[in-house]
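Participant: My structure is below; once you've seen it, I'll send some questions.
What follows is calculated from the coordinates using simple rules that are stated; it is not laboratory data. Since we're looking at a predicted model, the values are computed, not measured. Every residue, glycine among them, receives a Cβ derived from its backbone with ideal geometry; neighbour counts consider all protein chains shown.
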Amino acid sequence: MKDTKRRWLIAVPIVILVVVIVGLIVQFRPGVVVTIENAGNTPLSSVVVHVTGASYELGDIAPGDSANVRVRPKSDSSLEIEFKDADGQAKRLNAGGYFESGYRGTIRVSIKDGTIDKFEEDIKLW
């Protein structure tokens, strides 16, 4: 019985420490989480998010839905969003913003009727 109690006294702090370390690693991972929201009444098709040196495919986003991706630019970057509207017309919007490799945080872009309706960012260097 004493061995079981001793094992628990050792195991519990180790598990807690591992959970804390994993949480810190996830929280401080470099990259900016970009969320694209379709605030319009028609689908956004073939959505691709572009940053310097990389592109990320999000696929189709139905009206009222959103999709997100963690982006990691290769250098100074802003955000561009490419998609096809309901008529099949390709559009590429410059959402702006500024971030670099190693930055972290979030950007939320709402697209309505083929234009950027809202842009919110919370980006930090580390």
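Participant: In percent, what relative contact order does the stretch 31-124 have, based on Cα pairs under 8 Å that are 6 or more apart in sequence?
Facilitator: After rounding, I find 33 percent.
Participant: So what's the net charge close to Phe119: Lys and Arg +1, Asp and Glu -1, counting the other residues with Cβ under 13 Å from its Cβ?
Facilitator: Local charge sum for Phe119: -3.
Participant: Between Asp65 and Lys84, what length in nm is gained on full extension when 0.36 nm per residue of separation is reduced by their alpha carbon distance?
Facilitator: Residue separation times 0.36 nm, minus the Cα-Cα distance, leaves 5.3 nm.
Participant: Quick check for me: using +1 on Lys/Arg Cβ and -1 on Asp/Glu Cβ, what's the dipole size of the chain about its Cα centre, in debye to the nearest 20?
Facilitator: Roughly 1080 debye for the chain.
Participant: I would also like to ask the following. Using a Förster distance of 25 angstrom, determine the FRET efficiency expected from the C-beta separation of Tyr98 and Glu57, and round it to 0.05.
Facilitator: 0.60
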